[in-house]
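Chemist: Take a look at this one; I'll ask things after.
The values are calculated or read from the model by the stated rules, or taken from the named source; none is laboratory data. Given the structure is predicted, the values throughout are model-derived calculations rather than measurements. Cβ atoms come from the backbone with ideal geometry, glycine included; neighbour counts cover every protein chain shown.
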Amino acid sequence: MLRRFGFAALFAAFVGAGFCNQSEAGFIIFTDRAAFDAAIAGGITTDSFEDGFVTGDSVNRVGFSMSETGGLTNSIMASDAAMLGFLGLGGANTEGNLAGTFADDGNSVLSFNFDSPINAFGVDLTSNVGGTIAIGGEVASSVAVGAGNSQFFGVINTTGTFDELTVAFNGEANIGFDDLDFGNADLNSVPEPGTMALFAFGALMMAGGYVYRQKGFSL
């Protein structure tokens, strides 16, 4: 009996708060790349920065641009393994040999601006110190990172598009980013967060009812 209840409760918790959650109306947040990939049927462009780019406070890429503002020294770099190791970002190059990096002095903001509106964005983020990376612009969210460990962040807008997203660390840190996906994607069936929450609630109620029946309680 307890084993069945435990499974139902665990399943409900996974559905309600597991691979994705809601940040605001229309947006679904992912912290697992496999779940993000499964939600997309096509139309995504990937940039792993393997061609490198000139260091600067503003960098133009195919389909989007990046800019760093607010810091004492604004500088976005394409860093190789040696530089990533020096910056404490050894795990940042998740695709290929290079990764993008910038230094956040506590006030820096890295902005991604897209040439055309998109409905899906994903990226591997790494920090040399553990903490929280705030996601802003048209998306309000955050993602926790461990020191030197890459963490995926993804977002899909199921009801519209967006053309700007920002990244900032809550404190001083070196930040790495790689394997960036973006586009106005074709989507597979993605449950709306509200639907997922209702399903999780129903599963919990069913589990609770099972326990009552097994114990001989009446409602």
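Chemist: Run down 128, 113, 119 and say which single residue is over 24 Å from residue 40 (Cβ atoms), at pLDDT 95 or above and in the same structural domain as residue 55 (by TED's automatic domain parsing). Step through it out loud before you land on a result.
Modeler: Details: 113 fails: over 24 Å from residue 40 (Cβ atoms); 119 fails: over 24 Å from residue 40 (Cβ atoms).
Result of the check over 128, 113, 119: 128.
Chemist: Select from segment 148-159 the residues that are at pLDDT 95 or above and small (Gly, Ala, Ser) and write down the one among them that is nearest to residue 91 (Cα to Cα).
Modeler: Among those residues, the one meeting the criterion is 150.
Chemist: Can you pull out the residues in segment 125-140 that are assigned to a strand (DSSP E or B) and polar (S, T, N, Q)? Let's see the steps before the verdict.
Modeler: Taking segment 125-140 and keeping what is assigned to a strand (DSSP E or B), we get 125-127, 131-137.
Passing the criteria: 126, 127, 132.
Chemist: Right, next: I'd like the full set of residues that are of a type in the set (Val, Ile, Thr) and either under 14 Å from residue 102 (Cα atoms) or crowded, with 18+ Cβ neighbours inside 10 Å (or both), limited to segment 48-70.
Modeler: Passing the criteria: 54, 55, 59, 69.
Chemist: Kindly indicate which of 73, 45 is surrounded by 13 or more Cβ atoms within 10 Å (Cβ to Cβ) and either charged (D, E, K, R) or modelled with pLDDT of 60 or more (or both). Working first, answer last.
Modeler: Working: 73 fails: surrounded by 13 or more Cβ atoms within 10 Å (Cβ to Cβ).
Among 73, 45, only 45 is surrounded by 13 or more Cβ atoms within 10 Å (Cβ to Cβ) and either charged (D, E, K, R) or modelled with pLDDT of 60 or more (or both).
Chemist: If you don't mind, another one. Taking the condition of being surrounded by 19 or more Cβ atoms within 10 Å (Cβ to Cβ) and more than 11 Å from the chain's Cα centre (by Cα), how many residues in segment 151-164 meet it?
Modeler: 1
Chemist: Name every residue in segment 161-183 that is modelled with pLDDT of 95 or more and not in a strand (DSSP E or B), in order of residue number.
Modeler: Correct list: 161 only.
Chemist: Within segment 117-132, can you find the residues that are touching an Asp or Glu at 6+ places or on another chain (Cβ under 9 Å) and either without any contact (Cβ under 8 Å) to a residue 24 or more places away in the chain or buried (at least 17 other Cβ atoms within 10 Å of the Cβ) (or both)? Show your work before the answer.
Modeler: Kept after step one, since they are touching an Asp or Glu at 6+ places or on another chain (Cβ under 9 Å), are these residues of segment 117-132: 117-118, 120-127, 129.
Listed by number, the residues that qualify are 118, 120, 121, 122, 123, 124, 125, 126, 127.
Chemist: State whether one or more residues within segment 82-101 are under 12 Å from the mean Cα position of the chain (by Cα), of a type in the set (Val, Ile, Thr) and closer than 21 Å to residue 31 by Cα.
Modeler: Of segment 82-101, the ones under 12 Å from the mean Cα position of the chain (by Cα) are none.
The answer is no; no qualifying residue exists.
Chemist: For segment 108-116, indicate whether the set of residues that are under 21 Å from residue 155 (Cβ atoms), without any contact (Cβ under 8 Å) to a residue 60 or more places away in the chain and of a type in the set (D, E, K, R) is non-empty.
Modeler: yes
Chemist: Can I ask one more? Select from segment 102-124 the residues that are small (Gly, Ala, Ser) and in a loop (DSSP other than H, G, I, E, B) and list them in ascending order. Please lay out each step first, then the result.
Modeler: Here is the first cut: in segment 102-124, the ones small (Gly, Ala, Ser) are 103, 106, 108, 111, 116, 120, 122.
Matches in segment 102-124: 106, 108.
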